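Colleague: Sending over a structure as structure tokens; questions will come in a sec.
Please treat every number below as a calculation from the coordinates, not as lab data. What you see is a predicted model, and the numbers here were worked out from it, not measured in a lab. Using ideal geometry, Cβ is built from the backbone for each residue, glycine included, and neighbour counts are taken over all protein chains shown.
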Amino acid sequence: MGTTTAEALVWETVFAQRAARMQGAEVSELLKLLALPGIISFAGGIPDPALFPNEAASRAYAEILSDPAMAAAALQYSASEGYGPLKQDIVGLMARLGVAATPDNIIITAGSQQALDFMGKMLLSPGDTALVPAPTFLGALQAFAAYEPRYDTLRLDLGNRGPASYAEDAAAAMPGGRVKFAYAVPDFDNPTGVTMSLEARERLLTLARDLDIAVLEDSAYQALRFAGDSVPTLQALDIAHTGSLDASRVAYLGTFSKTVAPGLRIGWVCASADLIQRLVLVKQASDLTVPAINQMVMHRIVSDGHGALIEAARRLYRDKRDAMLAALDAYMPDTVTWTRPEGGLFVWVTLPDGVDAGALLKRAVAEVQVAFVPGSAFYHDASGANTLRLSYSLPDAAAITEGIRRLATLL
């Protein structure tokens with residue numbers, strides 16, 4: 001009796017339309033260059049492993065797993081809202097930022113990237129408009145893209161565009177579509193390193209009230225200030241206007257990835273209890289819970305020494321930023337400009353008109369063994385060809401100086 005071979009399914013024929021909007025992360029691809037010998041990478045904004053609390057994490061895991069009762073809880077399913085003691089830690093952290101929250105205002109997520117995905121899922125219907133800066137965080141654009149939004153550029157520096165313009169453009173682009181939220185990284189923005197001024201924050205909140213939309217405050221880098229004066233969070237400013245967190249339109253997305261360790265995958269959303277209740281349902285349908293053992297370990301780490309970890313990160317990244325700015329000042333031609341961040345992990349570089357950063361990257365890797373991220377990856381419309389992002393978080397000061405010198409030779 002003969003056998004037949006069935007034709008293999010061509011998966012592209014059964015993908016949902018939204019799958020076409022899911023693009024690979026240019027940054028993730030560039031991270032593979034870290035393994036190549038001789039490459040000086042300014043590409044990934046990943047923390048310096050020298051800052052990781054290895055001993056504290058090892059001790060916390062050992063203590064938890066050596067206690068039968070704690071081990072049973074740590075390795076079991078757990079509440080989708082998150083581990084109670086860690087949520088209480090975050091309540092204290094938010095209080096220091098001027099936000100009076102309760103555990104009901106907090107949900108633990110698998111990093112703030114998952115929070116971005118959840119917010120897109122909760123807020124966007126196909127054709128709805130998301131207001132985003134240009135440039136903005138690539139991970140946010142990727143997270144929102146699956147929910148088929150339309151993007152419009154959030155411009156807080158131009159006084160000639162009012163709320164009606166945003167609303168009219170949204171309605172014209174998609175019948176029934178509307179602006180749903182504004183997204184911003186107000187402190188030490190990824191990718192530019194720029195901090196939003198108090199005046200710009202107030203303008204953003206006024207725009208959101210006029211449009212009656214949500215505001216997503218991505219604060220991954222907020223704790224990493226090492227120069228200048230702190231600026232109140234968008235959420236704290238909105239609470240001053242509304243009177244309470246439960247009345248606020250701002251969802252604060254936080255993470256321990258930049259101040260403790262990204263591998264534990266612990267982020268959070270602080271927002272109105274009504275929104276948190278809905279996000280719990282999204283969490284249950286997604287991955288049910290962040291691993292309880294990681295949450296328990298994080299609780300022990302931040303309870304015992306989060307402040308010291310933040311201070312160590314500030315000192316190290318300040319020195320690295322200073323090394324990068326000094327090298328840029330020393331080696332780059334006058335036709336190149338860059339930002340001077342007061343914190344965070346990034347410097348944004350603008351090349352002369354007509355210089356393509358994507359083409360420059362190919363040459364930089366091949367000829368001088370230097371990697372960075374072309375700026376067009378951070379624009380929802382793929383513009384910004386003559387810009388690029390440099391991260392000083394991973395190389396040491398000597399490598400930063402040498403890498404900038406090499407890069408400058410191509411310009």
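Colleague: What nm value, rounded to one decimal, do you get for the distance between Arg340 and Arg278 when each label is placed 7 Å out toward the C-beta?
Modeller: Roughly 4.4 nm, to one decimal.
Colleague: Rg and Dmax of the stretch 58-204, using alpha carbons, in Å: what are they?
Modeller: Considering the stretch 58-204 through its Cα atoms, Rg and Dmax are 19.7, 64 Å.
Colleague: A further question follows. How big is the stretch 93-165 along each principal axis, measuring the range of its Cα positions in Å and listing the largest first?
Modeller: Rounded to whole Å, the extents work out to 39, 30, 21 Å.
Colleague: Let me ask something else. Which residues make up the longest stretch of the chain clear of chymotrypsin sites (Phe, Trp or Tyr not before Pro) that lie in a DSSP loop with no more than 13 other Cβ atoms within 10 Å, not counting the sites? Don't skip to the end; give the middle numbers.
Modeller: Values: sites that count: Phe15, Tyr77.
My reading of the result: 78-411 is the longest stretch.
Colleague: So what is the orientation-averaged projected area of the stretch 348-410, using the convex hull of its C-alpha atoms, in nm²? The partial results should precede the final answer.
Modeller: Numbers: hull surface 17.0 nm².
Answer in nm², one decimal: 4.3.
Colleague: Based on Cβ point charges of +1 for Lys and Arg and -1 for Asp and Glu, what charge dipole magnitude is obtained for the stretch 77-304 about its Cα centre, in debye rounded to the nearest 20?
Modeller: Numbers: 18 positive and 24 negative charges, 62 e Å.
Dipole magnitude for the stretch 77-304 comes out near 300 debye.
Colleague: I want to make sure I understand the PRE zone here: with the label point 7 angstrom from the Cα of Arg405 toward its beta carbon, which residues in the stretch 323-347 have backbone N atoms less than 19 Å away?
Modeller: In the stretch 323-347, the label zone of Arg405 (backbone N under 19 Å from the point 7 Å along Cα→Cβ) covers 323-334.
Colleague: Answer with one residue from Leu275, Val347, Ile46: the one whose Cα lies farthest towards the positive end of the charge dipole of the chain, charges on Cβ with Lys, Arg +1 and Asp, Glu -1.
Modeller: Of the listed residues, the answer is Ile46.
Colleague: Sticking with this structure for a sec: In the structure displayed, which of Lys180/Lys362; Lys121/Lys362; Lys180/Lys283 lie more than 29 Å apart, Cα to Cα? Mind dumping the intermediate values first?
Modeller: Values: Lys180/Lys362 38 Å; Lys121/Lys362 36 Å; Lys180/Lys283 21 Å.
The pairs that break the limit, which is 29 Å between Cα atoms, are Lys180/Lys362; Lys121/Lys362.
Colleague: Using the count of nearby Cβ atoms within 10 Å as a rough guide to exposure, how do Thr192, Thr153 rank from fewest to most?
Modeller: Details: Thr192 23, Thr153 17.
So the ranking, lowest neighbour count to highest, is Thr153, Thr192.
Colleague: Using the Cα atoms as the points, what is the convex hull volume per residue of the stretch 77-304 in Å³? Kindly include the intermediate steps, with their values, before the conclusion.
Modeller: Numbers: hull volume 26.6 nm³, N = 228.
Hull volume normalised by residue count: 117 Å³.
Colleague: Given +1 on the Cβ of Lys and Arg, -1 on the Cβ of Asp and Glu, and no further charges, what dipole in debye does the chain carry about its Cα centre, rounded to the nearest 20? Working shown, then result.
Modeller: Details: 33 positive and 44 negative charges, 50 e Å.
For the chain, the charge dipole is close to 240 debye.
Colleague: Here is a follow-up. Gaussian network model of the chain, Cα springs within a sub-10 Å range: biggest mean-square fluctuation belongs to which of Ser219, Ser383, Ser66?
Modeller: So, out of Ser219, Ser383, Ser66, the one fluctuating most is Ser66.
Colleague: Please name whichever of Ala170, Tyr221, Thr255 sits farthest to the positive end of the charge dipole of the stretch 170-259, dipole taken about the Cα centre and charges placed at Cβ: Lys and Arg +1, Asp and Glu -1.
Modeller: Ala170
Colleague: Let me ask something additional. Translational diffusion coefficient, Stokes-Einstein: compute it for the stretch 250-390 using the Kirkwood radius over C-alpha pairs as Rh, at 20 °C and 1.002 mPa s, and state it as an integer in µm² s⁻¹. Provide the component values of the computation, followed by the final result.
Modeller: Working: Rh = 18.6 Å.
This corresponds to a translational diffusion coefficient of 115 µm²/s.
Colleague: If one puts a single equal scatterer on every Cα of the chain and applies the Debye formula without solvent, what log₁₀ I(q)/I(0) results at q = 0.11, 0.13 Å⁻¹?
Modeller: Log10 of I(q)/I(0), two decimals: -0.87, -1.19.
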